[in-house]
Amino acid sequence: MKIAVKTFDNAAAGEIELDDSVFGLEVRTDLLARMVNWQLAKRRSGNHKTKGISEISGTTKKPYKQKGTGHARQGSTRSPQFRGGARIFGPVVRSHAHDLPKKVRKLALRHALSSKVADGKLVVVDVVVADSHKTKGLAVKLAALGLDSALILAGEQVDTNFALAVRNLPLIDVLPSQGANVYDILRRDTLVLSRQAVEQLEARLK
C-alpha cells in the first residue's frame, strides 16, 4: 500500500510504499495482549517481600504450657496468629518474567504496526530532525500535524535537538527505530515513522 509522506512543516514530501506483510495484516488483539503482558511482567521489579516465621525476631520460648490454661495451644509468639508475627505464603523476591517465543514477539510487532494503519493513525515523515532544542517551536509544528499523543520512531539514531525539544511534551515519545515495541506503540494514539524507520522496520520484520 502507498501512503503520503509529510514533513514536520506539514508539507507534502512524496509517497512511500508500505509492505503488506508488515503493515497490512488483519489485527489479532490476542497477540497484542500477550505481548503487552510479557513486556509489563518482564519489567516488574519483583522486590516485594514479607517475613516468614524463621525471619521474625523474638524468643523461641513456648508462651505458656500446653494444657490447662483454657487457651488454644501455642508454640511460638512469632506465629501468624499474633500481632507482629509471620505471614504465611507471603510474597517473596522473584522475577515475574515468563517466556514468549521470539516468532510470536516479532509477529505481535507486525500486528501493532498494522493496527495503527487500520485505524488511520500512522503518519510517515521525511526525516525526524529539529533546527533548535527549544520545545515551543516543535510543539507548534506537532499541533499543526494533529499530534497530541504520539510515538515518534526516528531512524538509526535520534537527532539530539529533536530529543531535547520533545522531552518536555508529556504525551510525545521518541525512540530510535530499533527501540520499536508493542507496548509503546499502543500506549500512544498516533505512530509517526521516518522514511528510514520504515525501511529498517521492514528489513527487521519481513
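Any read-out appearing in this document is the output of simple, stated calculations on the displayed coordinates, not a laboratory observation. As the structure is a computational prediction, the values presented were derived from the model and not from experiment. For neighbour counting, all protein chains shown are included, and Cβ atoms are generated from backbone atoms with ideal geometry for every residue, glycine included.
List of remarks:
- Fewest-first sequence of Lys49, Lys116, Lys61 by Cβ atoms within 10 Å of each Cβ: Lys61, Lys49, Lys116
- Local net charge near Gly85, Cβ-Cβ under 12 Å (Lys/Arg +1, Asp/Glu -1): +3
- Relative to the longest principal axis of the Cα atoms of the chain, the long axis of helix 102-118 makes an angle of roughly 50 degrees.
- Label-to-label distance, nm, for residues given as Ala41 and Ser21 (7 Å Cα→Cβ offset): 3.0
- With both labels modelled 7 Å from their Cα along Cα-to-Cβ, the Tyr183 to Asp148 distance reads 2.6 nm.
- All Cα pairs of the range 50-90, percent lying beyond 13 Å: 53
- A crude spin-label estimate for the pair Asp30 and Val127, with each label 7 Å from Cα along the Cβ direction, gives 4.5 nm.
- Listed by Cβ neighbour count within 10 Å, with the fewest neighbours leading, Tyr183, Tyr64 appear as Tyr64, Tyr183.
- Dipole of the range 1-127, positive end: most advanced residue of Val5, Gly58, Ser114 [Cβ charges, Cα centre]: Gly58
- Helix-derived mean residue ellipticity, 222 nm - over the chain, DSSP H n ≥ 4, -39500 (n - 2.57), to 500: -10000 deg cm²/dmol
- Matching label, mean projected area of the Cα convex hull in nm² computed from the structure shown, candidates [x] 13.2; [y] 12.4; [z] 17.4: [z]
- Legend: ranking of residues Ile152, Ile16 from fewest to most surrounding C-beta atoms inside 10 Å; resulting order Ile16, Ile152.
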